[in-house]
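The values are calculated or read from the model by the stated rules, or taken from the named source; none is laboratory data. Note that the structure is a prediction, hence the values are computed from the model and not measured. Cβ: placed from backbone, ideal geometry, glycine included. Neighbour counts: every protein chain shown.
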Amino acid sequence: MYRASTPYLIQAFFNKLVWNIPSPDKTVYLTFDDGPTPKVTAWVLKILEDYSAMATFFCIGKNVAKHPDVYKQILLKGHSVGNHTYHHLNGWKTNKRRYLLDIEQCAKEIDSCLFRPPYGRLRKVHFKALKDKYSVIMWDVLSGDFDKRISNEKCLKNVVDKVKSGSVVVFHDSLKAESKLRHVLPKVLYELSASGYVFKAIPNSLT
């Protein structure tokens, strides 16, 4: 079970995590998890370019190692990247030593001070070990593009109805999410652009 928008009380209670990035203008931070995936990520990069949109890609280390050319294209286009562990580990089910070693392995592929825990699941012991080296980036808007149970229209509504200035929005450049992503992402970019939003990458130096 998940919510399309992260409740304020959760954001306030876990206020050391980054849920959104306050901005004086109408800025949205689109993020893409679980890539790089050759045909999906390449398509995302093209659509972003069509709208002069920048984004942040939270990459799985083993996927970067498998598809270095696709990863290089993300960087060449000027987007920012973040560590998403090497093997997409669930932090609630992984002990501290193994979790941190997996992040270190990923860091050999991805040079970034940004980290997003897979599934948004992170234990307090993990955060304490990471907080001095990484900004832990969560989100306040979850598209649900991975969810086979919802329609394309519901996925689109999850984003356009919930987004506000400074929102961090989650999509996935993965095969699982591809079908919904191809339908929804161009519409999100079109509708939010028409409403005056601009799309920026999360700075690697965020603290």
Restricting the search to the range 64-81, which residues are closer than 11 Å to Ile110 by Cα and among the polar types (S, T, N, Q)?
Ser80
Kindly indicate which of Lys133, Lys128, Lys164 is over 17 Å from the mean Cα position of the chain (by Cα), assigned to a loop (DSSP other than H, G, I, E, B) and either under 30 Å from Tyr190 (Cβ atoms) or among the basic types (Lys, Arg) (or both).
Lys133
Considering only the range 28-42, I want to know if a residue exists there that is surrounded by fewer than 18 Cβ atoms within 10 Å (Cβ to Cβ), at pLDDT 95 or above and closer than 29 Å to His126 by Cα.
no
Of all residues in the range 189-207, count the ones that are among the hydrophobic types (A, V, I, L, M, F, W, C) and more than 20 Å from Ile74 (Cα to Cα).
2
Looking at the range 90-117, which of its residues are touching a residue at least 60 places away in the same chain (Cβ under 8 Å) and within 17 Å of Lys62 (Cβ to Cβ)?
Ser112, Arg116
Taking Asn83 as meeting all but one of (1) touching a residue at least 24 places away in the same chain (Cβ under 8 Å); (2) over 14 Å from the mean Cα position of the chain (by Cα), write down the number of the exception.
(2)
Here is a list: Asp69, Asp50, Asp25. Which entry is exposed (fewer than 15 other Cβ atoms within 10 Å of the Cβ), more than 28 Å from Lys128 (Cβ to Cβ) and in contact with a helix residue (DSSP H, G or I) (Cβ under 8 Å, 6 or more places away or on another chain)?
Asp50
